[in-house]
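Below: the structure, in structure tokens.
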Amino acid sequence: MDSAMAFSPDEIERYARHIVLHDVGGPGQQKLKAATVLVVGAGGLGAPVLLYLAAAGVGRLILVEDDVVSLSNLQRQVIHRTQDVGRPKTDSAGDAIGALNPHVELVTHAMRLDAGNALDLIADADVVVDGSDNFATRYLVSDACVLAKKPLVTAALGAFDATVTTLRAHETAPDGTPNPTYRCLFPEPPPAGTVPACAEAGVLGALAGIAGSLAALEAIRAVVGFGEGLVGRLLMIDARAMRFETLSYGWDPDNPLTGTGDRITDLSAHVRIP
Amino acid sequence: MPADPQSSPRAPVRVRLPAHLVRLFPDGETLVEVVAGDVRQLMDALEARWPGMRDRLCDERPAIRRHINVFVNGRRARLDTPLVPGADVFILTAISGG
């Protein structure tokens, strides 16, 4: 074992409930310590993702977030505190993560993930978690993860609804079929104005906690490797009816990333004209 | 005893609709049961129940709108995709909140 990865007595006690788990154990906890996870956004989804990944002992977290904390965030973005209003979310999240688990290294980028920096930011990550709040970033992150051959856990919120899925589009299923991309599920974003954003439609705060925790769980699964995750399955949560359903979806040969036709080979389509 | 959905030609299909869509219609529901032999008939049935819904889901070609995703038993569907009794139909759009 690499001595740099050896656990201190404090870490062994801290992670005891993971280490006794048959499917995690010491080796799984070592994988978490050695892992780097990139989290896009420290909002409603990013907050629980960051807290649970830090608590789980992911060795290095990279956070990309360009926003500052506002009072209306605090109904769901549980990583921030009232006294953080007005501070950059990267600073606020950094304080919370440092207080929760000093064994976690946090790298912050107080910027928006864009076509120019996405591949560089993703390059260092073993797993990417998308908790962003807009379609442009979601399609950019998912395209970039395919190009960079990185696993992506993507969760999204809308009022009383949430979705979570895991993408490993650079790998194949046991039968040799390529795993699906995000564009196999959602080829195109809805036209502007047809799906209201959280600011207009609202979002149930505790639902962000459910979906974000599930996204963190999927990221931990991607690092440790246990059970059956959400590759090829979209988990849909209807908090009004308290109904959880999964839609199985497969590789679409018409998808523009790994399909049989013309393919997207760079992120130039995502460059925004200032 | 309830009929076996696989053996009854009149057994409905189960259809899930996007929440942000059904909120636009009086008494809209996200989970409905519809008797339909294909996706086109399903759209007709939704239109009969909630006038105007078909235009939200289909364009003038006619075809399913590009941002609307219809999956039947886990496979992407078109208007001519047949529906067997008891089929699971998901009609969904991406959501983006974070």
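A few notes on this one:
- Whole-Hz Karplus values for the stretch A:75-90 come out as 5, 9, 8, 6, 7, 9, 10, 4, 6, 8, 4, x, 7, x, 5, 4 Hz, taken residue by residue from phi with 6.51 cos²θ - 1.76 cosθ + 1.60 and θ = phi - 60°; glycine and proline positions read x.
- Contact order for chain A, expressed relative to its length and based on alpha carbon pairs under 8 Å spaced 6+ residues apart, stands at 19 percent.
- Bridge type composition, the protein assembly as shown - antiparallel percent by DSSP, nearest 5: 60
- The ranking of A:68, A:164, A:129, A:224 from fewest to most other beta carbons within 10 Å of each one's beta carbon is A:68, A:224, A:164, A:129.
- Candidate lysines for bridging to residue A:89, where Cα separation is under 27 Å - those fewer than 8 sequence places away on the same chain excluded: A:33, A:150
- Charge dipole of the protein assembly as shown about the Cα centre (unit charges at C-beta), most positive-ward option of A:61, B:24, A:74: B:24
- Ordering A:89, A:31, A:150 from the fewest to the most neighbouring beta carbons within 10 Å gives A:31, A:150, A:89.
- In summary, the stretch A:184-274 shows an alpha-carbon radius of gyration equal to 1.37 times the 2.2 N^0.38 Å reference for compact globular proteins.
- Our coupling estimate for the stretch A:150-161, obtained by passing each phi through the Karplus curve with A = 6.51, B = -1.76, C = 1.60 and θ = phi - 60°, is 10, x, 10, 9, 10, 10, 8, 10, x, 6, 9, 10 Hz, Gly and Pro reported as x.
- Under the convention that each Lys and Arg Cβ holds +1 and each Asp and Glu Cβ holds -1, the size of the dipole of chain B around its Cα centre is about 320 debye.
- Calculated [θ] (222 nm, deg cm²/dmol) that DSSP helices of n ≥ 4 give over chain A, each run adding -39,500 (n - 2.57): -9500 deg cm²/dmol
- Computed from phi, the 3J(HN,Hα) profile of the stretch A:122-135 under the Karplus parametrisation 6.51, -1.76, 1.60 (θ = phi - 60°) reads 6, 4, 7, 8, 7, 9, 10, 10, 9, x, 6, 10, 7, 5 Hz, with x in place of Gly and Pro.
- Pairwise label distance in nanometres, residue A:20 with residue A:6, each label 7 Å out on the Cα-Cβ vector: 2.5
- Taking every Cα-Cα distance in the stretch B:29-98 and sorting them into 5 Å bins starting at zero, the pair-distance distribution P(r) comes out as 3, 16, 29, 29, 15, 5, 2, 0 percent.
- Cα→Cβ-extended label distance, 7 Å offset, between residue A:34 and residue A:241, nm: 4.5
- Loop sites in the stretch B:28-98: GluC sites (Glu not before Pro), DSSP, at most 13 other Cβ within 10 Å: B:60
- Percent of Cα-Cα distances greater than 31 Å, calculated over the stretch A:14-261: 19
- Highest-first packing order for the peptide set A:197-208, A:168-179 is A:197-208, A:168-179, based on the mean count of other beta carbon atoms within 10 Å.
Every number in this text was worked out from the coordinates using simple rules, so none of it is lab data. Note that the structure is predicted; figures quoted are calculated from it, not measured. A quick note on method: Cβ atoms are made from the backbone with ideal geometry, for glycine too, and the neighbour counts reach across all protein chains shown.
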